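What follows is a set of notes on a single structure, which appears directly below.
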Amino acid sequence: MNTLDLKVDSISSLTDARYCAGMGVQKLGIFFEDDGKASIDLNGFLAVRGWIEGVHWTGVYKGSDFNLLQELSTQFDISEWVVSVQILENLHAEELDGLSLIIIIDDTELKQGFDFSLVSGFEISAIGEVFKSSFDTFLKQIPANKPVYISDISDPELIIKIHQKHPQFGFSLFSGAEERPGWMDLSELQDVLERLEEI
């Protein structure tokens, strides 16, 4: 699995963070709701971060409040964020102040004249229309040096198939359904990671 660039989102405890890191996942993501509530609270995150080495932490924020994003970035000391394309509206490069933004593309095509200097990469939903109907066109539109992650895939065979065709792509996985506060059911993620470990 070392050839695959993997990110797992919605980390909520030391258990799932350690499991993912042990399975070779390079990036762990904390999910933030529109109001800033995180999949793991700040104190819990800082404790987990102290125990996990060799991974890169990202934030996932689908809201449109850039000021809130900046606050969360400072509080959690996370500089790389997966965000909605709407957050870029009326945003200028000098306002980023060190933030690295990966833009989520699901059903929204990029507007003509899109400012690629604002983004460091793209995350494409495999269940969105862009992936299903205009993926090749999209790839021609974006700069070749911007990384692309594919999300919303739970079938390891499909991940392997896409990886064989596009080895440069990364994949964004979901940690699991919350069974109780701070505790995720990792069974589906385990199945995926164990299968991917074989390649």
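Rule-based calculations on the coordinates, nothing more; no lab input. If you're wondering where the values come from, they're calculated on a predicted model, not measured in any experiment. Quick reminder, even Gly has a Cβ in these numbers, built from the backbone with ideal geometry, and neighbours come from all protein chains shown.
Listed values, structure above:
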| item | result |
| --- | --- |
| Between segment 1-47 and segment 79-138, the Cα center-to-center distance that results, in Å | 21 |
| Under 12 Å, Cβ to Cβ, from LYS27 - net charge with Lys/Arg +1 and Asp/Glu -1 | -3 |
| GNM top mover of ILE103, ILE40, ILE142 - the chain, alpha-carbon springs below 10 Å | ILE142 |
| Shape call, segment 101-143: gyration tensor on alpha carbons, a/c limit 1.5 | prolate |
| Lys/Arg +1, Asp/Glu -1 at C-beta; segment 1-130 dipole; positive extreme among VAL82, THR15, ILE124 | THR15 |
| Packing-based order for 110-120, 83-93, using average beta carbon neighbours within 10 Å, highest first | 83-93, 110-120 |
| Mean Cβ neighbour count within 10 Å, used as a protection proxy, ranking 126-136, 5-15 highest first | 5-15, 126-136 |
| Value at 222 nm in deg cm²/dmol, rounded to 500, when DSSP H runs of n ≥ 4 in the chain each add -39,500 (n - 2.57) | -8500 deg cm²/dmol |
| Value of relative contact order over segment 5-185, rounded to a whole percent, pairs C-alpha under 8 Å and six or more apart | 21 |
